């Protein structure tokens, strides 16, 4: 076998030992995803630096810049959506539970946020005195209203 294949085989064995320490398959998948992301980014940066060193003549524009600005834009994140709801609408004029906020985001922003994704951001907004966080008398859960 070639040296690269041997090196890759050795790395995979080392990685598998570490990944298999995690009991949850979901965690294992996330670890592998992150690892592959880092490896791909490293290879891209190595390729970019090698290309820059070996090129002679004027620098040419790459097609990567067109990809970022193309039709494949990401959906706004939870922080951005909550800030839009807070500043651009009267959504928080009435008391809202985390689940009702998540449902509203799903229907109106096409963003399927988990309540755990929203809770930390809502707590931060409450600590910044942009929202009030109060316990509901009916179900003893937190509700959020504009401060």
- prompt: Ranked highest first by average number of other Cβ atoms within 10 Å, how do 15-27, 106-118, 77-89 line up?
  reply: 77-89, 106-118, 15-27
query: If you stretched the chain out fully between residue 106 and residue 2, how much longer would it get, using 0.36 nm times the residue separation minus the C-alpha to C-alpha distance?
result: 32.3 nm
task: Pop a pseudo-label 7 angstrom from the Cα along the beta-carbon direction at both residue 75 and residue 124 and give the gap in nm to one decimal.
output: 1.9 nm
- prompt: Quick one: if the Förster radius is 41 Å, what FRET efficiency do residue 27 and residue 137 give, using the C-beta to C-beta distance and rounding to 0.05?
  reply: 0.60
- prompt: If you stretched the chain out fully between residue 13 and residue 37, how much longer would it get, using 0.36 nm times the residue separation minus the C-alpha to C-alpha distance?
  reply: 6.8 nm
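A short reminder: the numbers here are calculations on the coordinates, not readings from a lab. Small disclaimer: the values here were computed from a predicted structure and weren't measured. Reconstructed Cβ throughout: ideal geometry from the backbone, glycine too, with neighbour counts over all protein chains shown.
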